[in-house]
Amino acid sequence: MLRLNSRICLALALCGLLTAPACAQPAASTPRPETPERRPFLMRLFGRPAKPTPLTQMAHGLILEAQGNPRQAIQAYADLTRIWPRSKQAPEAQFRRAQLLFARGDLMDAFNAYTELLELYSARYPYEQVLENQFLIARRILDMRHARWFFGIGF
């Protein structure tokens, strides 16, 4: 275990960063905050989320959704699941993203978002609703393809 030097402890205690009993005890392991994983430079420059933590990013997406900006909310939820895929907010963000895509009529993207939800986040969402929405999407896509063929437009 790491023990701090007495001068370092005194300096940190004077700054208010460390208490005196912490100097006498060995350093305990503290849980690391969730940080985005290391990505290439351009992805870090252009692919950044709007907020610094998954919790604030989720709140940002909910605010955008409440303000009536579904496109920006979808992007906020996608950023959350892309940057912090193992956070506690990721399953809810993926579920909300899929619901918004379904409501907008982006059927293939919604189906893919629901599929990602099923594959990555098992048992952290309303399972029956996800399957029902996937069935509705598949039915609509199938009906659209039959209608195109019936009227001679083709695939």
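The values are calculated or read from the model by the stated rules, or taken from the named source; none is laboratory data. This one's a predicted model, so the numbers in the text were calculated from it and none came from an experiment. Counting neighbours? That spans all protein chains shown, and the Cβs are built from the backbone with ideal geometry, glycine included. Please note that ligands, DNA and RNA were not included when accessible areas were found on the heavy atoms of the full protein model with its side chains. Shrake-Rupley method; radii C 1.70, N 1.55, O 1.52, S 1.80 Å.
R145 - would you say it is open to solvent by 50 Å² or more (accessible area, probe 1.4 Å) and modelled with pLDDT of 95 or more?
No.
Would you check which residues across the stretch 87-111 are modelled with pLDDT under 95, under 20 Å from Y127 (Cβ atoms) and among the polar types (S, T, N, Q) and list them?
Listed by number, the list holds a single entry, Q89.
Table: residues versus (1) aliphatic (A, V, I, L, M); (2) open to solvent by 30 Å² or more (accessible area, probe 1.4 Å).
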| site | (1), (2) |
| --- | --- |
| H60 | no, yes |
| L64 | yes, no |
| Q67 | no, yes |
| A73 | yes, no |
| D79 | no, no |
| I83 | yes, no |
| E92 | no, yes |
| R96 | no, yes |
| F102 | no, yes |
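Within the stretch 44-86, restricting attention to residues that are at pLDDT below 90 and in a helix (DSSP H, G or I), which residue is nearest to A98 (Cα to Cα)?
Only one residue tops the list, namely F46.
Got a number for residues in the stretch 112-123 being closer than 22 Å to R140 by Cα and surrounded by fewer than 21 Cβ atoms within 10 Å (Cβ to Cβ)? Full working, then the answer.
First, pick out the residues of the stretch 112-123 that are closer than 22 Å to R140 by Cα: 112-118.
Within this subset, residues satisfying the condition of being surrounded by fewer than 21 Cβ atoms within 10 Å (Cβ to Cβ) are 112, 115-116, 118.
Number satisfying all stated conditions: 4.
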